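Bear in mind that the values in this text are calculations on the coordinates, not laboratory data. Only a predicted model underlies this, so the values are computations on that prediction, with no experimental measurement involved. Every residue, glycine among them, receives a Cβ derived from its backbone with ideal geometry; neighbour counts consider all protein chains shown.
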Amino acid sequence: MKKPRISTNRNAIEIKDHYKSKVTGITNELSQWKIANERLTSSDLKQNITLLHGSADDLNQMLPSKDRFDYITSIDSAYHYNTRWHFLESAFKRLNLQGSIGLYDLAIAADFLHKASPIQKNIFKFVCDTVSIPIQNLVTVEEYEEHMEDIGFEDVQIEQLDRRLVFGGLSRSFDQQYTTAMKYGIGVSLSNRIFLKVSSFLFGLLGSKPWLVPIIVKGVKQHEEEYDGP
C-alpha cells in the first residue's frame, strides 16, 4: 500500500523515490517549486507526486479538504511559519490515526531570556527579524513539548542537537561557497555575495551564542482530539 506523505518540494521527489509513497510537497519559494517541477516532468514519478507553491502556515488553505496523510515532515522551515502552532494544529487534523509528524526546528535556550543582557536581547531580536522567525515561535524545548501535547500529539520526542555543529557547520559552508566562488572566478552577483557573507556571520553567531537550540521533533496522532489553540 502506498502511504501518502506531505513534505517540502525539495524533499518530495527523494521521499517518493526511496519510500515508494504518494507525496505532496509545499514550498513558498518560487524558484524551488519551478526546479522541482522541472525535475518531475523529466521523471516517471509524476502520477504520485503533487508539488504546490504557497505557504504551509495553514494546510487547510493549500490542500483539498479530503486529503489525509500518514506522515508529515517539515525540515528547516517550521520556525518561519506564522505561526508554527497554526501549522501543527492543521497538520494534526490532516494526519490519519497512527500517523506521525517529524520536524527539524529551533527552540530557544531555557536560560537565555533570564540571563541575557539588554544588548544581547536586541542582537538576538535583530537576528530573528533578519531570518524571519516570528516571536510566537520562540519557546523552550519544554514549552514546545507542552504545545505538541495540547494539540493532541502523543509519544512526543524532542532531541536537542549541538548548536556548534549545526550552526557552525552552516557558517563554514556559506564561507566555503563564498571563498570557492571568489577563487575560481565563478560568476556570483553582488547580492549573492552579500547573502553568503551575512549568512556565514549570522550562523557563526548562533553557533557561538547559547540562544537557539536545534531540535528534531516527532509526534504521533493516536486519537482524534479537538484543539482550541495555545
Viscosity 0.692 mPa s, temperature 37 °C, Stokes-Einstein D of the chain from Kirkwood C-alpha radius, µm²/s: 172
Cα gyration tensor shape of region 28-116, rounded if a/c is under 1.5, else prolate or oblate by comparing a/b with b/c: prolate
Gap separating the Cα centres of region 21-66 and region 165-190, nearest whole Å: 29
Gly25 long-range amide H proximity, modeled H, under 5 Å: Ser7, Thr50, Leu51, Leu52
Three-way shape call for region 106-230 based on the alpha-carbon gyration tensor, with the a/c threshold at 1.5: prolate
Cα→Cβ-extended label distance, 7 Å offset, between Phe201 and Gln136, nm: 3.1
